[in-house]
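The values are calculated or read from the model by the stated rules, or taken from the named source; none is laboratory data. The shown structure was predicted, so the numbers you read here are calculated from the model rather than taken from an experiment. All Cβ positions, even for glycine, are placed from backbone atoms using ideal geometry, and neighbour counts span all protein chains on display.
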Amino acid sequence: MVNKLAVPDNTILAITNGSSLEAIRNALGSAARHEFTIRTTNGEYTLISCLVFAGDGVNFWLLFHNTRLAKIIWPLSPEMETYPYRGTTASRIKSWNIEDTDKIKKTIGSSGLTDDQIQVLLDDTRRADQTAGKSGNIPSAVLSGFDQLMAPRMKDDYTLNQQLRNQYDGCRVNLGMDVQEVEKLFGKPLRVFHTESGKTVRVYGDSRDLQVNPAYVFSCIAVVFDAHEAVASIYSHEFFNDDWKRAGGNQ
């Protein structure tokens, strides 16, 4: 099941600019993850991500303009902040307002990667893991202890996680859909709130905590509706702010 959530080198290297969003999602299968869809004055943009087998895995972003692949991008680093923790400090991803599109603008403006650059990134990751002594295999001593006891729960959680990833897939939503069409896909929202500019945000997803590697765990979705109750943008995965799920969170 986990093996389906990443693809080998040759799959990502075979992708060419100009290919359709549908064709690339079919090629990537379960490894494709929606990040955002938004309409700008220059047209519609959709970003998906894909994990590639290399050491612990390498993540790439694929940006589509009007449903055609424009470029493959190296992911932008999230903006971090420190906070007090047990007498010291810790780091976390900084919360942001849903109408703050700076990261999206930077993503759209990012330089695309060539096949040679992609190969170098994959090779560098493998060498770094080999230097660190990572084999990519789970030691049998670990499996004989805690993980064996947790195996039935983990198997169930990974099965449920895959179902939730399929259900709460932002690529299922089209710009311009109305509330009823979206709720046919996702059911009732976890939360509804309004932005300062008068847009309505509906957050869809599941609140269960699953025993799943964070690299593979499903994401909630934030769907933004304009004043006419039509979908204006969709955010998920690395472009979803967990604070949006909580009343009083950053909106």
Positions within the stretch 91-111 being touching a strand residue (DSSP E or B) at 6+ places or on another chain (Cβ under 6 Å) and either over 30 Å from N42 (Cβ atoms) or aromatic (F, W, Y) (or both), in sequence order: S91
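Sort out which residues of the stretch 71-101 are touching a helix residue (DSSP H, G or I) at 6+ places or on another chain (Cβ under 9 Å), buried (at least 16 other Cβ atoms within 10 Å of the Cβ) and under 29 Å from F225 (Cβ atoms), and write them in order of number.
Within the stretch 71-101, I73, W96, I98 meet the criteria.
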Pick from the stretch 94-108, criterion part of a loop (DSSP other than H, G, I, E, B) and within 17 Å of the chain's Cα centre (by Cα), ranking: nearest to T195 (Cα to Cα): I98
Search result, residues across the stretch 115-158 that are β-branched (V, I, T) and modelled with pLDDT of 90 or more: I118, V120
Subset of the stretch 29-67 (residues that are of a type in the set (K, R) and crowded, with 16+ Cβ neighbours inside 10 Å): R33
Residue ID - farthest from the chain's Cα centre (by Cα), chosen from residues in the stretch 205-242 that are acidic (D, E) and closer than 16 Å to E35 by Cα: D242
The stretch 70-84, subset among the β-branched types (V, I, T) and touching a Ser or Thr at 6+ places or on another chain (Cβ under 8 Å), residue farthest from G43 (Cα to Cα): T82
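Would it be correct to say that L51 is touching a residue at least 24 places away in the same chain (Cβ under 8 Å), in a strand (DSSP E or B) and in contact with a strand residue (DSSP E or B) (Cβ under 8 Å, 6 or more places away or on another chain)? Even if it seems obvious, please write down each step before you answer.
Numbers: touching a residue at least 24 places away in the same chain (Cβ under 8 Å): yes; in a strand (DSSP E or B): yes; in contact with a strand residue (DSSP E or B) (Cβ under 8 Å, 6 or more places away or on another chain): yes.
Taking the combined requirement at face value, the residue satisfies it.
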First in the stretch 86-113 and under 19 Å from S233 (Cβ atoms), second anywhere and of a type in the set (G, A, S) and at pLDDT 95 or above, Cβ under 9 Å, 6 or more apart: I98/A222; I98/S233; T101/S233; I104/S233; I108/A70
Unmet requirement for L164, which otherwise passes all of (1) farther than 23 Å from K4 by Cβ; (2) modelled with pLDDT of 95 or more; (3) part of a helix (DSSP H, G or I): (1)
